[in-house]
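Since the structure comes first, as structure tokens, the remarks are kept for the end.
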Amino acid sequence: MRISVVDAFTDRPFSGNPAAVCLLDAPADAAWMQDVAAEMRHSETAFVRRADDGTFELRWFTPLNEVALCGHATLATAHTLYHDGVVAAGDEIRFRTLRSGILTVRPGAEGALEMDFPAGPPVAAPAPAEFAALGTPFGWTGRNALNDWVVELPDAAAVRAVAPGIADLAGADARLVIVTAPADPGADHDFVSRTFAPRSLPGDAEDPVTGSAHCALAPYWAERLGRDALTGYQASARGGRVGVRLAGDRVVLTGRAVTVLSGDLLV
């Protein structure tokens, strides 16, 4: 089977968020997919297989578990299908997922890809006590149906500086903990964020650029900034840009990707 490593939400190697993409030629056992993801050690490994109806079955695994939704690995998968000639350059791709329904990807402007995802607007909720592990003052907090928490910090500098205590933060009932703030004046983006998944990712638990987090950030910032089309910058060490456009109960996420490795999986 072919397997690739793709840097997503970036137009240059060694930035954005790396994902492994495995092109399956037959159904695969979930335990085997989990083992491959643990071996690859990226925040997500995507497994994709063409179905009889022309759609593609898509699943995502972290090194520790399977996840319900992953944006950067979906972008990486679509990029791989186009790059390897599995899908013609101008065709739309329809992904069938276990818990997030149909996700579509189509070519956008200037080499970018556009992904149609479900919006996940957060609803105001009191912060869990474990959020003290963020180690910084915060304001508004809320969570969405995926149990992703949005935490607004005072400014972009606070987002860049946050260094949470991951062991304590993992005690919170949260899939993702997303810290965010408005962009600095004059920046070429509208808001900044960083995302932590202490129950799914090893080490510092930070995901470099998180498409699914922007399903929550898009409606949150669209309401506050009064615009449906925005650009987010995820201010991790690798960094990455995510275009977002709110369309009712859907979000169109826009980004680029770069293949950095392609080879054969021998097991």
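The values are calculated or read from the model by the stated rules, or taken from the named source; none is laboratory data. Since the model is a prediction, treat every value here as computed from it, not as a measurement. Heads up, the Cβs are rebuilt from the backbone with ideal geometry, glycines too, and the neighbour counts pull from every protein chain shown. These area figures cover heavy atoms from the full protein model, side chains too; ligands, DNA and RNA do not enter into them. Shrake-Rupley method; radii C 1.70, N 1.55, O 1.52, S 1.80 Å.
Those residues that are part of a loop (DSSP other than H, G, I, E, B) and modelled with pLDDT of 95 or more, I need them from the stretch 146-168; list them, please.
We begin by selecting, within the stretch 146-168, every residue part of a loop (DSSP other than H, G, I, E, B); these are 146-147, 153-155, 162-165.
Scanning the stretch 146-168 gives N147, L153, P154, D155, V162, A163, P164, G165.
Taking the criterion of being without any contact (Cβ under 8 Å) to a residue 40 or more places away in the chain and either over 22 Å from H214 (Cα atoms) or surrounded by fewer than 16 Cβ atoms within 10 Å (Cβ to Cβ) (or both), the residues of the stretch 84-106 that qualify are G85, V87, A88, A89, G90, D91, E92, L98, R99, G101, R106. Considering (1) open to solvent by 20 Å² or more (accessible area, probe 1.4 Å); (2) modelled with pLDDT under 95, the lone condition that A38 does not fulfil carries the number (2).
Every condition in (1) free of Cβ contacts under 8 Å to residues at least 60 places away in the same chain; (2) over 21 Å from A132 (Cα atoms); (3) of a type in the set (K, R) holds for R194 except the one numbered (2). Residues in the stretch 16-35 that are assigned to a loop (DSSP other than H, G, I, E, B) and open to solvent by less than 20 Å² (accessible area, probe 1.4 Å): G16 only. Using beta carbons and a limit of 6 Å, which pairs, at least six apart or on different chains, have the first residue in the stretch 114-137 and part of a helix (DSSP H, G or I) and the second one open to solvent by 70 Å² or more (accessible area, probe 1.4 Å)? Between residues of the stretch 114-137 that are part of a helix (DSSP H, G or I) and residues that are open to solvent by 70 Å² or more (accessible area, probe 1.4 Å), the close pairs are E130/D168; A133/D168. Every listed requirement among (1) in a helix (DSSP H, G or I); (2) over 17 Å from L69 (Cα atoms); (3) in contact with a Pro (Cβ under 8 Å, 6 or more places away or on another chain) is met by A181 save one, (1). All conditions in (1) under 24 Å from V177 (Cβ atoms); (2) of a type in the set (D, E, K, R); (3) surrounded by 17 or more Cβ atoms within 10 Å (Cβ to Cβ) hold for E114, with the sole exception of (1).
Being assigned to a loop (DSSP other than H, G, I, E, B), closer than 26 Å to P13 by Cβ and open to solvent by less than 10 Å² (accessible area, probe 1.4 Å) narrows it down to one of G203, G211, so name that one. Working first, answer last.
Details: G203 fails: open to solvent by less than 10 Å² (accessible area, probe 1.4 Å).
Going through G203, G211 in turn, just one is assigned to a loop (DSSP other than H, G, I, E, B), closer than 26 Å to P13 by Cβ and open to solvent by less than 10 Å² (accessible area, probe 1.4 Å): G211.
When F191 is tested against (1) more than 21 Å from E66 (Cα to Cα); (2) open to solvent by 20 Å² or more (accessible area, probe 1.4 Å); (3) in contact with a Ser or Thr (Cβ under 7 Å, 6 or more places away or on another chain); (4) not polar (S, T, N, Q), just one condition goes unmet, and that condition is (2).
Counted as qualifying within the stretch 225-267 are the strands (runs of 3 or more DSSP E) with 3 or more residues that are of a type in the set (V, I, T), namely 250-255, 257-264. The set of residues in the stretch 20-36 that are within 16 Å of the chain's Cα centre (by Cα) and small (G, A, S) contains only A20.
Scanning the stretch 55-83 for residues that are open to solvent by 10 Å² or more (accessible area, probe 1.4 Å), part of a loop (DSSP other than H, G, I, E, B) and at pLDDT below 95 gives P63, L64, N65, A68.
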